[in-house]
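See below for the structure under consideration.
The values are calculated or read from the model by the stated rules, or taken from the named source; none is laboratory data. The shown structure was predicted, so the numbers you read here are calculated from the model rather than taken from an experiment. Using ideal geometry, Cβ is built from the backbone for each residue, glycine included, and neighbour counts are taken over all protein chains shown.
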Amino acid sequence: RPDYKALKAEVQSQEKRVAVATSDYFPSLSFMGSYGRRINGPGNEESVGFSGIVASMPIFDLRTPAKVRDETSKERVLKEQLRKLELQICRDVETSLLDITSSVERVKANRKAIEQANESLRIEQQKYNYGKGSMTDVLDAQAALLQAQTNYYRALAELQISRAKLEFSTGGTL
């Protein structure tokens, strides 16, 4: 999931900021140098250069502990947000899987309801053809079949929605 990847990258970035802030406790060593030409007049040029090593020792830097505390605090907040997002993702995936299971069962049940409604309509039509039933009974059976078909297609749509939710929750395609 993009939101998960972004937050994870932010946590890793913050961990590096904590390391940088902590590094201010330690001495640092730098190399520096310069080279150039100096002209003192016509035909009077000389090369000038220097190099050196600079060592710095943080003895009385009172900002470092505050910076480390601040960056560490930000890191804890981000890690907590990441943990909450991970739990939310797990909950979303679990809910989506349960929804899919439930939708599959509803599709099966509605498929059987269509079969039963078809059989009921067939029986009512035969009764009507033999003069033993009324047109109202046939129309009621047709309405029941139509309702069963509607419920079946609604269950199929819910199944597709549940699959889409699972796909979103996992951040990929099935």
Q: Could you please let me know if residue 120 is surrounded by 14 or more Cβ atoms within 10 Å (Cβ to Cβ), of a type in the set (Ser, Thr, Tyr) and over 30 Å from residue 24 (Cα atoms)?
A: yes
(Q) So, residue 159, is that one over 30 Å from residue 7 (Cβ atoms), in contact with a Ser or Thr (Cβ under 8 Å, 6 or more places away or on another chain) and either outside any loop (DSSP other than H, G, I, E, B) or in contact (Cβ under 8 Å) with a residue 24 or more places away in the chain (or both) or not? (A) yes
Q: Report, ordered by the first and then the second residue, all pairs with beta carbons closer than 8 Å, sequence separation of six or more or different chains, a first member in the range 137-149 that is closer than 11 Å to residue 110 by Cα, and a second member that is hydroxyl-bearing (Ser, Thr, Tyr) and part of a helix (DSSP H, G or I).
A: 145/120
Q: Show the residue pairs that are 6+ apart or on different chains and have beta-carbon atoms under 6 Å apart, the first residue being within the range 47-66 and part of a strand (DSSP E or B), the second being surrounded by 10 or more Cβ atoms within 10 Å (Cβ to Cβ) and not aromatic (Phe, Trp, Tyr).
A: 56/28
Q: Check the range 121-129 and report whether any residue there is in contact with a helix residue (DSSP H, G or I) (Cβ under 7 Å, 6 or more places away or on another chain), in a helix (DSSP H, G or I), of a type in the set (A, V, I, L, M, F, W, C) and more than 30 Å from residue 4 (Cα to Cα).
A: yes
Q: Sort out which residues of the range 22-41 are part of a helix (DSSP H, G or I) and either loosely packed, with under 10 Cβ neighbours inside 10 Å or small (Gly, Ala, Ser) (or both), and write them in order of number.
A: 23
(Q) Exactly one of these conditions fails for residue 96: (1) surrounded by 10 or more Cβ atoms within 10 Å (Cβ to Cβ); (2) modelled with pLDDT of 85 or more; (3) closer than 30 Å to residue 15 by Cα; (4) not β-branched (Val, Ile, Thr). Give me its number. (A) (3)
